[in-house]
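Take a look at the structure below.
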Amino acid sequence: MRSRTTVRNGIGMLASVLLLFLTTLPLAAQTTGQVAGRITNANTGEPLGGAQIVIQGTTAGTMANPQGRYLLLNVPVGTHTIEVTRLGFALQSMQVTVGAGETAVADFALRTEAINLDELVVTGTAGSARRREIGNTVGVITSDDLEAQPITSVTDVLQGRTAGLTVTSMGGNAGSGSEIMLRGVNTLGGPGGNRPLIYVDGVRMETSYYGDSGEANTRAGSFDNLDPNTIERIEIIKGAAATTLYGTEAAGGVIQVFTKSGGGGAARWTFSTSQGFSEIGHVGPKEDPTGLHMNDCSMDPGCPESGSWLRKGYVQQYDFAVQGGTDVPYFFSANVEDQRGNIEPQGATTMSLRGNFRFEPFNGFSIRSNNMFTRRDITFVPDGNNAEGLILNVMRWERDYSPGHDDSAVLGMNLRQQIDHFITGINIQWSPSASMNHRLNVGLDYQSADYTEERPWGFFYKPEGDRQNDLELDRNITADYAGSWTTDLRVPFLGSDLSSNLSWGAQYYDEFSWGVYGFGENFAGPGEKLVESGTYTEANESWVRTASGGFFLQEQFGWNDRFFVTLGARWDGFSTFGENFGLAFYPKAQAAYTISDHNFWPGWWETMKLRFALGESGRAPAPFASNRTWTADAGDDGQPGLILSELGNEDVGPERTREIEGGFEASLFEGRLSLDFTYFHQQTRDALLRLDRPASIGTEQAILTNLGKVENVGFEFTANASLVTTSDISFDLGGTFYHGNDEVVSLGPVTDERLQGRPVSALFGDCVTNPDAMDERPNFEDCYLGTPRPTTTFGITPRLTFFGNLTLEGLGEYQGGHIKQNGTARQNIRRRFYAPCQDVIDAVYADRANEANYTAAELAKCSYRDANYGPWTMAGDFFRIRSLALSYRMPESLIPSSISGMTLRLQGRNLWYWTKEYNHDPETHGYTGPTGGWYSTSREYYGLPIPRVFMFSATVNF
């Protein structure tokens with residue numbers, strides 16, 4: 001009886017709840033409605049997917065789909081202001097009235113705005129700041145810039161898009177890294193000393209190259225571990241005038257990557273795939289039909305059945321992403337990429353995962369978490385300056401090192417690397433009031449690289465074989481805090497339009513690197529090996545930890561929201577500073593003036609901002625530069641002992657770079673033309689140099705000392721123009737230009753008259769003093785050859801759109817003003833095999849008396865008796881078509897209703913290049929390393945050219 005009563009009561013309660021739920025549905029419908037519409041380009045009618053739509057004064061919002069359509073659900077009844085924003089377009093708002101259970105329609109046609117002075121910028125500022133408030137230039141690359149480009153690595157993203165940013169590839173090996181440089185050279189520390197700092201969502205990333213593929217003449221770089229499809233935007237600041245608040249180590253500039261976030265309500269799914277191939281065209285001089293036997297090896301032992309060492313490398317990519325959320329915005333993505341190289345067994349496979357989310361426990365307080373994991377597996381082939389290298393042995397033909405001239409024997413070497421990279425960060429924002437903001441950012445960058453190099457038992461170069469296994473770990477911790485307080489100041493003679501923004505903060509960075517290196521050789525027989533399988537083994541271990549910390553203070557005054565003055569300073573401590581040095585002090589001062597806000601300014605010139613910035617940053621001395629160090633050694637009878645290794649310098653401090661930057665940003669003719677000009681002057685004092693000490697002090701090692709002075713001067717210019725704008729067709733053309741020159745001003749007591757007044761990267765070599773003489777051997781003397789660093793670059797980005805959904809766009813880049821040394825030509829001539837010089841080579845080899853028929857300059861270049869690097873130093877100028885892409889956005893009428901958008905693309909990369917003099921790939925060079933020197937960057941030496949890439953991709957949005 002009791003159980004029946006319980007059942008009846010339960011059924012009654014369930015019925016009551018169900019009845020209550022059903023009766024509240026109409027009530028909910030009576031108190032809410034929805035807003036729908038479409039976002040388009042006002043000039044072309046092209047749909048603007050990715051536009052952000054929010055209800056003013058609330059957190060409710062969504063994002064437009066690829067067709068530009070949006071839907072806001074559960075909007076309270078009444079009148080609301082809808083705001084729409086999108087990068088590159090002016091903010092637009094509209095009032096709508098929402099009725100109960102009804103759908104209000106609000107369509108927006110956004111006007112392009114090439115220069116948006118209200119755009120928020122984060123990099124180089126104490127917090128976020130509007131562009132109108134900043135006195136330095138900031139380069140921005142958005143996801144729109146990347147969408148249609150055939151990008152196989154993140155460094156592809158940077159090439160040719162920002163004035164003053166130069167990217168140089170290491171070569172055509174799959175997985176090869178690249179050198180990144182901003183505004184040329186301002187240090188004596190070699191190529192590695194000029195690398196910019198890189199931050200990912202506020203977490204600093206270690207950017208040194210992974211070891212150790214010296215056998216492959218290349219290195220993989222950590223920047224390429226990022227998935228380009230997850231990038232929302234990249235901000236670039238290029239010098240000390242902008243990087244002061246980043247302190248020591250930021251003199252080379254800062255690149256900050258911001259990844260995508262969620263929001264916009266319901267989940268939006270994206271799947272994309274790319275399929276294609278890479279190929280290498282004709283190798284070497286056009287006079288050689290065999291392409292130095294790389295393209296045609298049919299007469300060579302060991303040649304593949306195809307008759308060429310080169311193959312098409314299959315490339316495939318798969319990307320999956322989902323984003324959405326209102327209370328907890330989220331973004332998750334997964335990427336898999338496989339890139340086969342152009343020589344068997346070369347290749348690289350990448351798997352990447354990302355998860356970002358944000359939530360607000362209460363109003364004014366938000367927590368954001370950004371997380372990434374990437375694994376890369378790379379297989380190299382022996383390359384470059386390497387007696388076991390495939391390229392060297394093939395190109396030298398019968399003067400190679402391979403047994404019986406069978407160059408396939410070198411491919412028995414196993415060169416592999418596995419890289420794991422994990423980045424995680426927590427960002428906390430707290431705004432206790434409208435005038436105060438606090439930000440705390442803590443993050444971890446963890447990387448590991450496992451490198452294996454093995455010559456199997458029976459390998460021609462080492463018959464008993466050997467194995468090397470290197471494991472490297474990098475653990476880097478970033479922690480920074482920044483606070484700001486904004487208020488209005490009342491100054492009688494200025495009125496009430498004076499604002500103040502006081503900012504303060506501190507940063508801590510801890511870097512730990514550990515490595516263990518094992519080597520074993522002379523195996524007893526074939527089969528799988530361990531290092532310990534060798535009859536001779538050795539092992540090494542190393543670890544280095546450095547820490548830095550600093551704090552800053554900044555005050556910004558603004559008048560009438562058009563004139564801003566910023567004063568600030570940073571104080572820095574660094575574990576590699578000498579004990580007697582103390583803290584480094586870096587001041588900054590900026591001014592920004594939007595003169596176009598005055599009534600007298602002409603209407604056709606809608607935006608004109610003048611800016612000026614002065615600031616200082618630094619570059620820390622190397623670890624142990626200030627410490628006296630000792631090396632363990634064995635004395636008599638094997639007794640342990642110590643030998644003085646480094647004397648150390650207790651007074652050593654950072655290099656100090658001071659930069660002055662000035663320029664303007666302008667927009668004319670309703671945004672159809674935008675201009676950005678910057679002049680900069682950098683001066684580096686206390687440049688670090690090694691000063692020799694007498695051997696009588698107990699060591700022959702020079703000590704690192706602050707001695708030198710370097711100057712670097714140049715200018716940058718960016719222009720974007722909408723040349724044709726109709727409802728059916730639009731044509732936009734963008735361009736960037738950079739020119740800069742650096743100079744060694746002083747080396748202190750280190751006297752080298754050759755370098756004074758020359759570029760930091762100046763190269764010297766043999767020049768012929770009797771070039772026109774006949775019947776004479778060449779006379780050589782040491783002379784200045786030039787600089788391997790491009791002093792002039794420009795990029796061009798045309799974009800042509802038909803009917804709002806068919807787009808053709810490209811990217812071309814020129815680099816010039818530098819030199820390139822053809823090491824392949826010089827070495828092949830010494831071995832009497834190089835087509836452009838074959839007539840001279842054969843004549844002199846047949847009878848040395850024939851030398852009388854040639855000038856000394858011709859002999860210095862083409863005679864196997866005289867060929868030298870000086871005569872084979874040529875202008876390195878080149879122009880390259882970086883990318884070309886044709887995109888088609890499918891009309892809504894042609895796709896199923898379950899799909900919100902579909903885009904098809906045909907893409908090509910590195911399609912063609914022109915060189916002024918050089919007859920090999922103009923960008924190929926070997927690994928430079930942190931101390932590799934400028935000769936490494938200037939000399940091509942049996943490197944694999946950069947391949948062309950052709951891709952077809954499809955992107956589907958749900």
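The values are calculated or read from the model by the stated rules, or taken from the named source; none is laboratory data. All figures in this text were calculated on a predicted structure; none of them were measured in a lab. FYI the Cβ positions are ideal-geometry reconstructions off the backbone, even for glycines, and counts take in every protein chain you see.
Residue under question is A569, and the condition is that it be at pLDDT 95 or above and over 24 Å from T248 (Cβ atoms); does it hold? No; evaluated as a whole, the condition is false for this residue.
For the range 790-804, a residue qualifies if it is surrounded by fewer than 17 Cβ atoms within 10 Å (Cβ to Cβ) and polar (S, T, N, Q), and exactly one does: T792.
Can you tell me which residue in the range 417-461 is farthest from A216 (Cα to Cα), limited to those that are aliphatic (A, V, I, L, M) and touching a residue at least 60 places away in the same chain (Cβ under 8 Å)? Once the filter is applied, the top-ranked residue is I428.
Any chance you could count how many residues in the range 48-77 are outside any loop (DSSP other than H, G, I, E, B) and surrounded by fewer than 22 Cβ atoms within 10 Å (Cβ to Cβ)? Number of matching residues: 11. The set of residues in the range 656-676 being under 23 Å from T243 (Cα atoms), in contact (Cβ under 8 Å) with a residue 60 or more places away in the chain and out of contact with any Gly (no Cβ under 6 Å at 6 or more places or on another chain) consists of T657, R658, I660, E661, G663, E665, D676. Which residues, taken from the range 594-605, are in contact (Cβ under 8 Å) with a residue 12 or more places away in the chain and either under 22 Å from G549 (Cα atoms) or surrounded by 12 or more Cβ atoms within 10 Å (Cβ to Cβ) (or both)? Listed by number, the residues that qualify are T594, I595, S596, D597, W605. Filtering P432, P382, P403 for residues that are in the same structural domain as Y942 (by TED's automatic domain parsing), of a type outside the set (F, W, Y) and crowded, with 18+ Cβ neighbours inside 10 Å leaves a single hit, P382.
Of everything listed in (1) part of a strand (DSSP E or B); (2) under 21 Å from the mean Cα position of the chain (by Cα), the single unmet condition for N229 is (1).
Considering G135, G139, G124, the condition of being on the phi > 0 side of the Ramachandran plot and either in contact (Cβ under 8 Å) with a residue 60 or more places away in the chain or over 18 Å from the mean Cα position of the chain (by Cα) (or both) is satisfied by G124 alone. So how many residues does the range 890-914 have that are at pLDDT 90 or above and buried (at least 19 other Cβ atoms within 10 Å of the Cβ)? Residues flagged as at pLDDT 90 or above and buried (at least 19 other Cβ atoms within 10 Å of the Cβ) within the range 890-914 amount to 8.
For the range 492-525, the set of residues classified as in contact with a strand residue (DSSP E or B) (Cβ under 9 Å, 6 or more places away or on another chain) and either of a type in the set (A, V, I, L, M, F, W, C) or not in a strand (DSSP E or B) (or both) consists of L494, L498, L502, W504, A506, F512, W514, V516, F519, N522, F523, listed by residue number. Restricting attention to the range 774-789 and to residues that are of a type outside the set (D, E, K, R) and crowded, with 22+ Cβ neighbours inside 10 Å, the residue that is farthest from E892 (Cα to Cα) turns out to be P778.
Going through (1) acidic (D, E); (2) at pLDDT below 95; (3) under 30 Å from I134 (Cα atoms) one by one, D510 falls short only on (2).
Per-residue answers, yes or no, for (1) modelled with pLDDT of 95 or more; (2) more than 28 Å from R905 (Cβ to Cβ); (3) touching a His at 6+ places or on another chain (Cβ under 6 Å):
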residue: G324; (1), (2), (3): no, no, no
residue: Y330; (1), (2), (3): no, no, no
residue: T350; (1), (2), (3): yes, no, no
residue: D406; (1), (2), (3): no, yes, no
residue: Q418; (1), (2), (3): yes, yes, no
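For the range 264-290, filtered to residues that are in contact with a helix residue (DSSP H, G or I) (Cβ under 9 Å, 6 or more places away or on another chain) and without any contact (Cβ under 8 Å) to a residue 60 or more places away in the chain, the residue that is surrounded by the fewest Cβ atoms within 10 Å (Cβ to Cβ) is P289. Each residue in the range 730-753 was checked for being outside any strand (DSSP E or B) and in contact (Cβ under 8 Å) with a residue 24 or more places away in the chain, and 4 pass.
Per the conditions (1) surrounded by 16 or more Cβ atoms within 10 Å (Cβ to Cβ); (2) part of a strand (DSSP E or B); (3) hydrophobic (A, V, I, L, M, F, W, C), the sole criterion not satisfied by L489 is (1). Within the range 810-822, if we keep just the residues that are out of contact with any Leu (no Cβ under 7 Å at 6 or more places or on another chain) and surrounded by fewer than 22 Cβ atoms within 10 Å (Cβ to Cβ), the residue that is nearest to D732 (Cα to Cα) turns out to be G812. Out of L91, L73, one residue alone is at pLDDT below 85 and within 23 Å of N363 (Cα to Cα). It is L73. In the range 537-593, of all residues being touching a Gly at 6+ places or on another chain (Cβ under 7 Å) and of a type in the set (K, R), the one that is surrounded by the most Cβ atoms within 10 Å (Cβ to Cβ) corresponds to R570. Scanning the range 722-758 for residues that are in contact with a Leu (Cβ under 9 Å, 6 or more places away or on another chain), surrounded by fewer than 17 Cβ atoms within 10 Å (Cβ to Cβ) and among the aliphatic types (A, V, I, L, M) yields a total of 5.
For the range 860-884, enumerate the residues that are in a strand (DSSP E or B), aliphatic (A, V, I, L, M) and either in contact with a Lys or Arg (Cβ under 6 Å, 6 or more places away or on another chain) or closer than 30 Å to F764 by Cβ (or both). The answer is M874, A875. Listed by position, the strands (runs of 3 or more DSSP E) inside the range 757-814 whose residues that are farther than 27 Å from V713 by Cβ and among the polar types (S, T, N, Q) number at least 1 are 792-802.
It is to be established whether one or more residues within the range 291-301 are assigned to a strand (DSSP E or B), on the phi < 0 side of the Ramachandran plot and modelled with pLDDT under 95.
Start the filter on the range 291-301 by keeping residues that are assigned to a strand (DSSP E or B), which leaves none.
There is no residue in the range 291-301 that is assigned to a strand (DSSP E or B), on the phi < 0 side of the Ramachandran plot and modelled with pLDDT under 95.
Take T546 and decide whether it is in contact with a Pro (Cβ under 8 Å, 6 or more places away or on another chain), assigned by TED's automatic domain parsing to the domain that holds H421 and at pLDDT 90 or above. Against the criterion (in contact with a Pro (Cβ under 8 Å, 6 or more places away or on another chain), assigned by TED's automatic domain parsing to the domain that holds H421 and at pLDDT 90 or above), T546 qualifies.
For (1) more than 13 Å from I53 (Cα to Cα); (2) not β-branched (V, I, T), each residue gets a yes or a no:
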| position | (1), (2) |
| --- | --- |
| T81 | no, no |
| D118 | yes, yes |
| T125 | yes, no |
| V138 | yes, no |
| T142 | yes, no |
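For the range 304-334, the set of residues classified as part of a loop (DSSP other than H, G, I, E, B), touching a residue at least 24 places away in the same chain (Cβ under 8 Å) and not basic (K, R) consists of P304, W309, L310, T326, D327, V328, P329, listed by residue number. Selection of the range 406-429 for residues being in contact with a helix residue (DSSP H, G or I) (Cβ under 6 Å, 6 or more places away or on another chain) and either of a type outside the set (A, V, I, L, M, F, W, C) or surrounded by fewer than 19 Cβ atoms within 10 Å (Cβ to Cβ) (or both) yields D407, H421.
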